[in-house]
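Following: one structure in structure tokens, then a few remarks.
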Amino acid sequence: MTGPPKARESGLTSCLCCHQLVRMPEGEESCRCPRCGGRVHTRQVGSLTLTWAFVITGAFLLVPANILPVMTVIYLGAGEPSTIISGVMQLYDSGLWGIALIVFVASIAVPVMKLVGLVLLLVQIQFRLPLIPLQAMQVYRVVSAIGRWSLLDLFMISILVALVDMGAIAEVAAGPGSTAFATVVVVTMLAARFFDPRLIWDAYDARREREDAVEGAVRNG
Amino acid sequence: MAEEFAREGVLRRSRGLPLVWLLPLTAALIAVWLLYREFTQGDIRVTILFPSGEGLVKGKTPVKYSGVDIGVVRDFRLVPNAEELGGADGVLAEVDFNRSAEYLLVEGSRFWLVKPEFSITGVSGLEALVSGNYIAVEPGSGERQREFVALAEPPAHVRGEGLRVVVKAPRLGSLNRGSPVYYRQLQVGQVENYHLSKDDTRVEIDLFIRREYAHLVHRGSRFWNSSGLSIEGDISGVTVNMESLAALVAGGVSFYTPESQRHSPLAVDGNEFKLYESFAEADAGIPVTLNFDRGVSVTPGSTQVLYQGIKVGEVSSVKASRNMNGMEVTVLMDPITDELLSENTRFWIAPPTLDIASGLSDLLKGNRIEVDLRRGQRSRRTFDALASPPPRDPRAPGLHLRLTARTTGSLQRGASVYYRRIPVGTVQGMKLSGDGERVEVFVVIEPRYAYLVNNRTRFWNISGLRASASFGGVEVEADSLMSLVRGGVAFGSPPGAQESAGPARSGDTFHLYSSREAALEEGVTIHIALSDASGLKEGSPIRYKGVQVGEITRLRLGRELESVRATAKLYHRAEHFARAGTRFWVVSPQIDIDKVENLDTLISGRYLALEPGGGEVQLEFIALAEPPTPGLADTMMRPGLTVILDAPRRGSLAPGSPVYYRQVQVGEVTGFALGELADRVYIYVYIEPRYRTLVREHTVFWNASGVDVNFGLMSGLNVHTESARALLAGGVAFATPEGPNMGREVESGSHYPLYPEAKPEWLRWSPKIELYGSTEPAK
């Protein structure tokens, strides 16, 4: 046995709601916090499954989010529905490359990066690939931190829809693509939420033990 | 140990969540379905060749059908020398079509660019103004096609169901595609297209009538070009008639169905109609050609043809006749006149006449053509029309009379005939008599007044103004305002004629006198020889004691050019004046140093005065050069006293020179004459009756003319004259001695010597003599 003792090995878990140290009943992985009644897991139940499910959902939903128009700006009775990409292109064509960059990052880069980051983590853990836990933790932190910023677009759309309603002169209508896009954002946030970062360390520990065992076997002969 | 701080967890079982896999499944289904749709129902790339790329915007210009975007222009490229455009350069637009519009992309489909268009007929493509130009499509039916050539102009075809008929016109006029078609000023359709007929002689205009109005078009309907406007002026206002402002400029077609054609079958697609030039023409009148021998003022479409005041036709066209010697006016006559258009029918232009009865509106309507419709043997369609009304119109009921006159003055057709200032008839017309000597005036007296005319009736002209001016003012007399404008004829009968004379019959001829006096007075015509007629004119009056007793009717030079021979007429009762001894002279204004006379003749003109004689009837007279001075005999007859002064010289005395007594004028010098032996001058002095007692047997007369100037060193300058007037005009003064020396009163005719000057003692005489009559102060 190397390193400091682990809470898990002592049957101890901290409640993530009220931070009460809870002794897990024998042989159980999950229980309720005796103080606040919150769910206490040694590890998130089905974390990998849920995360996988949400990540796949988000990946599929990227298709409608990019094909369907996000919003239609009708100015003097004329207007063409624009998708996210075409909106970015329009902004870029208009010379507003700064805003185009922001929209591109928030609406396309961030969701895709989130999904890619999560998939990387999941694959590493699921298939017990060698991983550097500090790097993995960094990826996880970024993914969970930037997720909400993708909602910037949706805020903008909802504000525009509410404000720009001048009848025949100018009108902004949200398209079905925005719903899909919102779903992508929510689903990726949920995926990040259900991903239990302790699994990274479990995988790391497991690997270390395996290597140690292999080393020990080699040493012991 | 850590365990002491830890608390035991509470166990609570819950099911697992395999349902979470439904989420990616759903998302996958959505994504797959979308991708499938994207690939199977994506846009169709089609190329359309435009003659010009004007108004096309890459990525913007949509293709619309039924108001829905079905595609958008993605790109263009230039096509040099496009075969489809006859070798001209074109612009090939690549258009992405919505897959739902695939059925439109077939052979026969036509594309054209819609631009906002503002025209008088309306605004079309207004939506293109804000949304930009767009490409419109009209579906065809045929094989699949992916390459099209756009039309240069929108097709004229009107979408929708309706009746399509063709009208044929010689000219297109201002009609255009989209010009409205009106029925009772309601737009029921539009001009769809127009083209030349096959033989190039006419224009065929395709009309589209909307389905809901198609039942209005019968086979017997009439179409006419309603372009332009008509203005009808009337005393009650001005009516501007036009189908609409759009029709005014862009033209329009109107139609209606005559009553008689209401039962004709309904028109069907492709029926052909004639397009008339105007409503009037469409009215199916009988075209009648009137040949005028001179230009007349008639207006096509507005000048009416009237029969007895009822409109029976309208002028439809006016043009110069073929040989350019007159006008050819085509009128459309009401079909009911068909049988009456015979060789006996006459047309003439009737200028507007001012008549209170018909009102001012008649005047404003302008010329009209009148027709006298008569049945005849042969039907005619061409007439020689008169540029002026015929002088007589036997159709009018009443007593028709013919008046002959030397001139008619301002008498006009339509003037009234008055009897005691009541209009009882009208002047129908007038013409020169055959020999050109006289004018014949045709009048008709209304039947109910016909009894007023008998064969002794006199007619006279009351046209114009008669003005008489005097110091009392200027009197202008006209029988009525109407007679002032149009002249008039009045008539009357001598007293007693009503009973004795027989009634007049139609066709009788009367003389038209120039004035009432001429008509009713039995005058005597005399001739007066004048040495100078300046200031006299025809019509100058002849007066006796200020009363007009006649007038000069004619002035002309005598044969030897030495005198003027005036023909004058003395009114009846004035025969007394046409006697030997009657003297005539010209009264003219006299402005003299000593008097101003006959000033009124300055205004009223000179006139002849007469002094009646008492001899035999005489008709030839010689006028005096100046007013006759009353003879001595006359003077003797006057009340008052006339004495004769014997003077060696006349001095500056003249008739009218004053006679003073104590510097008060009491009489005047009436005349003078040489004595029988020419050794002296007799001066006749007339003393007014009031003062006759002043003259006594021993009265002395002296010449008071001139100035008596005494000059002395001590007394200074002493100028003495009887009066300022006597200074210039001369004068006579007299004095009578006092008391018993004065003698008795004298009779007229007494002689006195006229001393050249007064002795001083005469001036001191102051007899007391009682004057006749009142004691009013002397002038």
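The values are calculated or read from the model by the stated rules, or taken from the named source; none is laboratory data. Please read these numbers as outputs of a predicted model, since none were measured by experiment. Here the Cβ positions follow ideal geometry from the backbone for every residue, glycine too, while neighbour counts run over all protein chains shown. Heavy atoms of the whole protein, side chains included, go into the accessibility calculation; ligands, DNA and RNA do not. Shrake-Rupley method; radii C 1.70, N 1.55, O 1.52, S 1.80 Å.
Quick test for you: out of B:L512, B:L403, pick the one residue that is in contact with a Leu (Cβ under 6 Å, 6 or more places away or on another chain), under 26 Å from B:D372 (Cα atoms) and modelled with pLDDT of 80 or more. Spell out the reasoning first.
Numbers: B:L512 fails: under 26 Å from B:D372 (Cα atoms).
Sole residue among the options that is in contact with a Leu (Cβ under 6 Å, 6 or more places away or on another chain), under 26 Å from B:D372 (Cα atoms) and modelled with pLDDT of 80 or more: B:L403.
Which one of these is touching a helix residue (DSSP H, G or I) at 6+ places or on another chain (Cβ under 6 Å), among the acidic types (D, E) and in a helix (DSSP H, G or I): A:D153, A:D205, A:D212, A:D196? Even if it seems obvious, please write down each step before you answer.
Values: A:D205 fails: touching a helix residue (DSSP H, G or I) at 6+ places or on another chain (Cβ under 6 Å); A:D212 fails: touching a helix residue (DSSP H, G or I) at 6+ places or on another chain (Cβ under 6 Å); A:D196 fails: in a helix (DSSP H, G or I).
On inspection, the qualifying residue turns out to be A:D153.
Working only within the range A:49-74, note down all residues that are more than 9 Å from chain B (Cβ to nearest Cβ) and open to solvent by less than 40 Å² (accessible area, probe 1.4 Å). Explain how you work it out, then say what you get.
Of the residues in the range A:49-74, the ones more than 9 Å from chain B (Cβ to nearest Cβ) are A:51, A:65-66, A:69-74.
Those that are more than 9 Å from chain B (Cβ to nearest Cβ) and open to solvent by less than 40 Å² (accessible area, probe 1.4 Å): A:T51, A:A65, A:P69, A:V70, A:M71, A:T72.
Under the condition of being outside any loop (DSSP other than H, G, I, E, B) and either loosely packed, with under 13 Cβ neighbours inside 10 Å or more than 9 Å from every other protein chain (Cβ to nearest Cβ) (or both), which residue from the range B:1-24 is modelled with the highest pLDDT?
Within the range B:1-24, the subset outside any loop (DSSP other than H, G, I, E, B) is B:2-4, B:7-8, B:10, B:18-24.
Among the residues that remain, those that are also either loosely packed, with under 13 Cβ neighbours inside 10 Å or more than 9 Å from every other protein chain (Cβ to nearest Cβ) (or both) are: B:2-4, B:8, B:18-19, B:22.
Details: B:A2: 44, B:E3: 46, B:E4: 55, B:E8: 71, B:P18: 70, B:L19: 76, B:L22: 84.
Within the range B:1-24, the match that is modelled with the highest pLDDT is B:L22.
So that you can scan it fast, the table gives a plain yes or no per residue for (1) over 28 Å from B:E770 (Cβ atoms); (2) of a type in the set (A, V, I, L, M, F, W, C); (3) open to solvent by less than 10 Å² (accessible area, probe 1.4 Å):
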{"position": "B:L641", "(1), (2), (3)": "no, yes, yes"}
{"position": "B:R650", "(1), (2), (3)": "yes, no, no"}
{"position": "B:E668", "(1), (2), (3)": "no, no, no"}
{"position": "B:A673", "(1), (2), (3)": "yes, yes, no"}
{"position": "B:E676", "(1), (2), (3)": "yes, no, no"}
{"position": "B:Y682", "(1), (2), (3)": "yes, no, no"}
{"position": "B:E688", "(1), (2), (3)": "no, no, no"}
{"position": "B:Y691", "(1), (2), (3)": "no, no, no"}
{"position": "B:F701", "(1), (2), (3)": "no, yes, yes"}
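Considering only residues of the range A:175-221 that are β-branched (V, I, T) and within 33 Å of the chain's Cα centre (by Cα), which is surrounded by the most Cβ atoms within 10 Å (Cβ to Cβ)? Steps first, please.
Kept after step one, since they are β-branched (V, I, T), are these residues of the range A:175-221: A:179, A:183-188, A:200, A:214, A:218.
Imposing the further condition that a residue be within 33 Å of the chain's Cα centre (by Cα) reduces the set to A:179, A:183-188, A:200.
Working: A:T179: 16, A:T183: 19, A:V184: 27, A:V185: 26, A:V186: 18, A:V187: 26, A:T188: 30, A:I200: 22.
The qualifying residue surrounded by the most Cβ atoms within 10 Å (Cβ to Cβ) is A:T188.
For the range B:39-58, which positions are without any contact (Cβ under 8 Å) to a residue 60 or more places away in the chain and surrounded by 13 or more Cβ atoms within 10 Å (Cβ to Cβ)?
Residues of the range B:39-58 without any contact (Cβ under 8 Å) to a residue 60 or more places away in the chain: B:39-43, B:52-54, B:58.
Of everything in the range B:39-58, those that are without any contact (Cβ under 8 Å) to a residue 60 or more places away in the chain and surrounded by 13 or more Cβ atoms within 10 Å (Cβ to Cβ) turn out to be B:D43, B:S52, B:G53, B:K58.
Only one of these is touching a Lys or Arg at 6+ places or on another chain (Cβ under 6 Å) and crowded, with 16+ Cβ neighbours inside 10 Å: A:V172, A:V143, A:V103. Name it. Lay out the reasoning, then the answer.
Details: A:V172 fails: touching a Lys or Arg at 6+ places or on another chain (Cβ under 6 Å); A:V103 fails: touching a Lys or Arg at 6+ places or on another chain (Cβ under 6 Å).
Result of the check over A:V172, A:V143, A:V103: A:V143.
Determine if the range B:115-130 includes at least one residue that is modelled with pLDDT of 70 or more and more than 22 Å from B:P180 (Cβ to Cβ).
Checking the range B:115-130: not a single residue is modelled with pLDDT of 70 or more and more than 22 Å from B:P180 (Cβ to Cβ).
Which ones in the range A:26-37 are among the small types (G, A, S) and surrounded by 15 or more Cβ atoms within 10 Å (Cβ to Cβ)?
The answer is A:S30, and nothing else.
Which pairs do you get when a residue that is among the aromatic types (F, W, Y), found in the range B:749-772, comes within reach of a residue that is open to solvent by 60 Å² or more (accessible area, probe 1.4 Å) and outside any helix (DSSP H, G or I), reach meaning Cβ atoms under 7 angstrom, with the pair 6+ apart or on two chains?
The qualifying pairs are B:W765/B:E738.
Considering only the range B:526-558, how many residues are touching a residue at least 60 places away in the same chain (Cβ under 8 Å), part of a strand (DSSP E or B) and touching a Lys or Arg at 6+ places or on another chain (Cβ under 8 Å)?
Qualifying residue count, the range B:526-558: 6.
Would you be able to say whether some residue in the range B:154-161 is of a type in the set (A, V, I, L, M, F, W, C) and farther than 22 Å from B:R110 by Cβ? Please lay out each step first, then the result.
Step one: list which residues in the range B:154-161 are of a type in the set (A, V, I, L, M, F, W, C), which gives B:156, B:158.
Retained after the next criterion (residues that are farther than 22 Å from B:R110 by Cβ): none.
Checked the range B:154-161: no residue is of a type in the set (A, V, I, L, M, F, W, C) and farther than 22 Å from B:R110 by Cβ.
Among (1) more than 11 Å from chain B (Cβ to nearest Cβ); (2) free of Cβ contacts under 8 Å to residues at least 60 places away in the same chain; (3) open to solvent by less than 30 Å² (accessible area, probe 1.4 Å), there is one condition A:R8 misses while meeting the rest; what is its number?
It is condition (3) that A:R8 fails.
Give the number of residues within the range B:171-193 that are open to solvent by less than 70 Å² (accessible area, probe 1.4 Å) and assigned to a loop (DSSP other than H, G, I, E, B).
The qualifying residues number 6.
Restricting attention to the range A:14-25, does a residue exist that is over 23 Å from B:G71 (Cα atoms), of a type outside the set (A, V, I, L, M, F, W, C), open to solvent by less than 30 Å² (accessible area, probe 1.4 Å) and within 13 Å of chain B (Cβ to nearest Cβ)?
Initially, the range A:14-25 is screened for residues over 23 Å from B:G71 (Cα atoms), giving A:14-25.
The next check asks that each one be of a type outside the set (A, V, I, L, M, F, W, C); those that pass are A:14, A:19-20, A:23, A:25.
Now restrict to residues that are open to solvent by less than 30 Å² (accessible area, probe 1.4 Å): A:20, A:25.
When the remaining residues are screened for being within 13 Å of chain B (Cβ to nearest Cβ), the result is A:20, A:25.
Checked the range A:14-25: at least one residue is over 23 Å from B:G71 (Cα atoms), of a type outside the set (A, V, I, L, M, F, W, C), open to solvent by less than 30 Å² (accessible area, probe 1.4 Å) and within 13 Å of chain B (Cβ to nearest Cβ).
Only one of (1) closer than 22 Å to A:S82 by Cβ; (2) within 12 Å of chain A (Cβ to nearest Cβ) is not met by B:Y36, so which one is it?
Here B:Y36 meets the rest and fails (1).
Out of everything in the range A:35-45 that is in contact (Cβ under 8 Å) with a residue 12 or more places away in the chain and not basic (K, R), what residue ends up being nearest to the other protein chains (Cβ to nearest Cβ)?
That would be A:V40.
Take the conditions surrounded by fewer than 19 Cβ atoms within 10 Å (Cβ to Cβ), modelled with pLDDT under 80 and either among the polar types (S, T, N, Q) or part of a helix (DSSP H, G or I) (or both) and apply them to A:R148. Does it pass? Talk me through it step by step, then tell me what you get.
Working: surrounded by fewer than 19 Cβ atoms within 10 Å (Cβ to Cβ): yes; modelled with pLDDT under 80: yes; either among the polar types (S, T, N, Q) or part of a helix (DSSP H, G or I) (or both): yes.
Against the criterion (surrounded by fewer than 19 Cβ atoms within 10 Å (Cβ to Cβ), modelled with pLDDT under 80 and either among the polar types (S, T, N, Q) or part of a helix (DSSP H, G or I) (or both)), A:R148 qualifies.
Are any residues in the range B:732-752 modelled with pLDDT of 85 or more and either under 60 Å from the mean Cα position of the chain (by Cα) or more than 15 Å from B:V659 (Cβ to Cβ) (or both), and if so, which ones?
If the condition is that a residue be modelled with pLDDT of 85 or more and either under 60 Å from the mean Cα position of the chain (by Cα) or more than 15 Å from B:V659 (Cβ to Cβ) (or both), then B:P737, B:H751 are the ones that fit.
Can you pull out every residue in the range B:427-449 that is assigned to a loop (DSSP other than H, G, I, E, B) and at pLDDT 85 or above? Spell out how you get there, then give the answer.
Looking only at the range B:427-449, we keep the residues that are assigned to a loop (DSSP other than H, G, I, E, B), and these are B:433-438, B:446.
Within the range B:427-449, just B:E446 meets the criteria.
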